[in-house]
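Derivation of every value follows stated rules applied to the coordinates shown; laboratory data play no part. Bear in mind the structure is a predicted one, so any value in this text is a computation, not a measurement. Every residue, glycine among them, receives a Cβ derived from its backbone with ideal geometry; neighbour counts consider all protein chains shown.
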Amino acid sequence: MTDEQKIAAIKKAVAEHQSNVANVKAAKVPAAYDGVVTEALMQALGAKLGRVFDAPEE
């Protein structure tokens, strides 16, 4: 990936994460599940960003 592609992929991953967070808030997830949901969202974001940073340079 070029630097520009990486930047675009990072922006997309962050935007998707923000959308997911907004959806969870709108769904009014019970407080008992808040920690589990937050952890899942963070792991998903970390995985997406990991793929971007692990991508070979072009």
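What does the C-alpha gyration tensor say about the overall shape of the stretch 5-58? Classify as rounded when a/c is under 1.5, otherwise prolate if a/b is larger than b/c, or oblate. If you can, show how the numbers build up before the last one.
Working: a/c = 6.71, a/b = 2.26, b/c = 2.97.
Because a/c hits 1.5 or more and a/b fails to exceed b/c, the stretch 5-58 counts as oblate.
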Counting Lys +1, Arg +1, Asp -1, Glu -1, what net charge surrounds Leu41 among other residues with beta carbon under 12 Å of its beta carbon? -1
Pick from Ala31, Ala47, Ala13: which is most flexible by mean-square fluctuation in a GNM of the chain where alpha carbon atoms under 10 Å apart are linked? Ala31
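So what's the back-of-envelope 222 nm ellipticity for the chain, counting only DSSP H runs of four-plus at -39500 (n - 2.57) apiece and dividing by all residues, rounded to 500? Could the numbers behind the result be given before it?
Details: 2 runs with 49 residues, N = 58.
The helix-only estimate for the chain comes to -30000 deg cm²/dmol at 222 nm.
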Enter the angle in degrees (range 0 to 90, nearest 10) between the Cα long axis of helix 31-54 and the first principal axis of the Cα atoms of the chain, meaning the one along which they spread out most. 0
Paramagnetic reach from Ala55 in the stretch 6-28 [backbone N under 17 Å; point 7 Å along Cα→Cβ]: 6-17
Once you list every other residue whose beta carbon is under 14 Å from the beta carbon of Asp3, what net charge do they have if Lys and Arg are +1 and Asp and Glu are -1? -1
Loop-located trypsin sites (Lys or Arg not before Pro) in the chain whose Cβ has at most 13 other Cβ within 10 Å (DSSP): Lys28
Mark the label point 7 Å from the Cα of Ile10 along Cα→Cβ and return the residues of the stretch 33-58 whose backbone N is within less than 20 Å of it. 42-58
Taking the Cα centre of the stretch 3-54 as origin, sum charge times position over the Cβ atoms of Lys and Arg (+1) and Asp and Glu (-1), and report the length of that vector in debye to the nearest 20. 160
Check cross-link reach from Lys25 to the aspartates and glutamates: straight Cα distance under 16 Å, and skip same-chain residues fewer than eight apart. Glu16, Asp34, Glu39
